[in-house]
Each structure stands twice: as structure tokens, then as C-alpha cells.
1. Counting other C-beta atoms within 10 Å, which of 20, 13 has the fewest, and how do the rest follow?
2. Per 0.36 nm of contour for each residue apart, how much would the distance between residue 94 and residue 33 grow if the chain were fully extended, relative to their Cα-Cα spacing?
3. What nm value, rounded to one decimal, do you get for the distance between residue 26 and residue 145 when each label is placed 7 Å out toward the C-beta?
4. Got the relative contact order for the stretch 1-106 handy, in percent, Cα pairs under 8 Å and 6 or more residues apart?
5. Using label points projected 7 Å from each Cα along Cα→Cβ, tell me how many nm separate residue 70 and residue 161, to one decimal.
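Laboratory data are not the source of any read-out in this text; all were calculated from the coordinates shown. Computed from a predicted model, the values in this text were never measured in an experiment. Here the Cβ is made from the backbone with ideal geometry for all residues, glycine too, and neighbour counts use every protein chain on show.
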């Protein structure tokens with residue numbers, strides 16, 4: 001990447017961005033032609049520069065769906081940074097705002113598959129972030145149908161990565177059952193009876209129901 005453009009992204013400076021474009025009007029176009037590349041949007045996604053991110057998305061919407069050489073979109077990186085900031089509430093709030101703004105421009109970013117077929121929805125299920133699970137499912141309900149290269153859907157991922165409390169899985173199951181209740185066949189085919197590469201299936205409906213119906217632990 002052009003050093004001046006990288007500096008602009010590092011600083012989150014829109015003025016520096018346009019100064020770089022003035023020096024080289026095709027600087028963004030050349031990046032866009034590369035299949036797997038770190039874009040300025042990848043850089044600012046990890047730095048929390050929301051206004052710069054919005055400016056770049058306006059100029060080059062395609063950057064939001066680009067995978068870098070590690071197989072991640074800017075939204076993937078923004079979520080990874082958000083998780084890393086869990087002990088800093090001020091920076092976490094700033095980073096969360098960036099995630100919201102990225103999704104507000106293009107809700108289907110929630111479904112873009114990165115490394116190993118993992119989508120941003122899969123990632124928030126993996127880390128058990130119920131707040132973002134709620135937002136992502138509201139903004140893009142069909143994202144529950146996406147599977148990784150291992151054949152895992154979001155329910156598999158939540159179940160595997162949130163033991164023993166199973167909070168994310170229980171929440172997702174309630175949400176999915178509510179969304180698909182009027183079409184039981186679709187629910188069965190696409191989610192609850194989906195088998196991953198290890199032979200794990202979510203036909204464990206009895207187990208799921210027992211989890212949901214468990215009384216909450218006393219404080």
C-alpha cells in the first residue's frame with residue numbers, strides 16, 4: 001500500500017486520504033484490483049476511526065467485502081479488536097460504534113465468509129457476545145443459514161464455544177425457533193438437523209429444550 005495512504009489510515013485523517021488521492025488518483029483503484037489485500041478499511045477497522053471508515057466505504061464500497069491475506073474482512077478485524085478491548089470500556093464503546101456503522105452501510109457484511117467460512121455472525125456466537133448476536137440477527141435474519149467449511153452453522157458454533165453456561169446457544173435457539181416457527185420443515189432442514197464434519201447434529205432438540213427450560217441459578 002502507498003505509504004502516504006497507510007499513514008492516512010493509521011491516523012484516521014480524511015484530509016490525508018484526499019492528499020494521497022491527489023498525488024495518485026488511481027491509488028484506491030489499484031488496491032481494488034487485488035483479490036486478497038489489506039485495504040485502508042482493514043487498517044481503520046482495527047483502529048476505531050469511524051469517520052475515516054465511512055469515507056472509504058463511500059469511495060470504495062467493495063473494500064468492505066475484501067479479504068486480506070489472512071482471510072479476514074474489515075468487519076472481522078473490527079470484531080476481533082472489540083474482543084481485545086474488553087477491559088477498556090471507553091475504547092470498547094468507540095469500537096462498537098464502528099461495528100454498528102459498518103453494518104448500517106451494508107447489512108449483508110454480516111454474511112461475508114472469511115477464513116474457514118466463518119462469518120461475523122459466527123464469530124460473535126463463538127465469543128458469546130449476546131448484544132451483537134441480537135443486533136446481527138435483527139439486521140440480517142438469513143445469516144443464521146450460513147455454514148463454515150466444517151459444515152457448522154451458528155448454533156453448532158454457539159453450542160461448542162459457550163460451554164458450560166450455554167447462554168449464547170440458548171439465546172440463539174429461542175431466536176431461531178421464533179423466526180422459523182411457521183415453517184418447521186425449513187427449520188429442520190437448514191438448522192436443527194444440520195450435521196457438521198464431525199457428525200455432530202442439532203437434532204438434539206430434547207437436549208436443547210431441556211437447556212432452555214432449566215431454571216435460572218439462584219444468585
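1. 13, 20
2. Result: 18.9 nm gained on full extension.
3. 4.1 nm
4. That works out to 24 percent.
5. Using points 7 Å along Cα→Cβ, the separation is 1.5 nm.
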